[in-house]
Amino acid sequence: MKCPNCSHGLRKIKVKIQDANTPVDSYQCKECGYFSFEEKSINKAIEEIKVKEAPLQMKQKIIKLSQNRLGIYWNKDIVRSLNLKAGEEVDISVPNKKQIVIGLRNN
């Protein structure tokens, strides 16, 4: 395999990617510093990393709004990460007695 930048030969090297268990095949040029990753192995590493990612979780208190209505304040980190705006609509479902699922609408 030849380097697309300088036409020298590329070396195949196993590279350790942070948070992935499987090493990734990388093709590197000793002359100009060009490198690329073998698509199948880099995709496997990306999937391993995604599995390890923990979703944002936090504890929130339910507040009484008025009469028989309850509410919850949205933490600023959730608002910022999802780019939420006042007045936006969401879809809410209750799959069981232990979970509430809130989905964002594509407006």
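Structure data summary
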quantity	calculated
Failed item in (1) touching a strand residue (DSSP E or B) at 6+ places or on another chain (Cβ under 9 Å); (2) surrounded by 10 or more Cβ atoms within 10 Å (Cβ to Cβ), with Ser81 passing the rest	(1)
Contacts under 8 angstrom Cβ, first residue in segment 82-94 being charged (D, E, K, R), partner part of a loop (DSSP other than H, G, I, E, B), 6 or more apart	Glu88/Arg105; Glu88/Asn107; Glu89/Arg105; Glu89/Asn107; Asp91/Arg105
Residue that is in contact with a strand residue (DSSP E or B) (Cβ under 6 Å, 6 or more places away or on another chain), surrounded by 10 or more Cβ atoms within 10 Å (Cβ to Cβ), of a type in the set (Val, Ile, Thr) and modelled with pLDDT of 90 or more, where the choices are Ile72, Ile42	Ile42
So Lys59, is it over 30 Å from Lys14 (Cα atoms), at pLDDT below 90 and either assigned to a loop (DSSP other than H, G, I, E, B) or outside the structural domain of Pro23 (by TED's automatic domain parsing) (or both)	yes
Residues of segment 75-85 that turn out to be assigned to a loop (DSSP other than H, G, I, E, B) and either under 16 Å from Pro55 (Cα atoms) or under 16 Å from the mean Cα position of the chain (by Cα) (or both), as a count	2
Of all residues in segment 8-27 being in a strand (DSSP E or B) and out of contact with any Lys or Arg (no Cβ under 9 Å at 6 or more places or on another chain), the one that is nearest to Lys50 (Cα to Cα)	Val15
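This table checks each residue for (1) exposed (fewer than 10 other Cβ atoms within 10 Å of the Cβ); (2) of a type outside the set (Gly, Ala, Ser); (3) over 24 Å from the mean Cα position of the chain (by Cα); (4) at negative phi.
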{"position": "Met58", "(1), (2), (3), (4)": "yes, yes, no, yes"}
{"position": "Glu88", "(1), (2), (3), (4)": "no, yes, no, yes"}
{"position": "Asn96", "(1), (2), (3), (4)": "yes, yes, yes, yes"}
{"position": "Ile100", "(1), (2), (3), (4)": "no, yes, no, yes"}
{"position": "Gly103", "(1), (2), (3), (4)": "yes, no, no, yes"}
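The values are calculated or read from the model by the stated rules, or taken from the named source; none is laboratory data. This one's a predicted model, so the numbers in the text were calculated from it and none came from an experiment. Please note: Cβ atoms are built from the backbone with ideal geometry, for glycine as well, and neighbour counts cover all protein chains shown.
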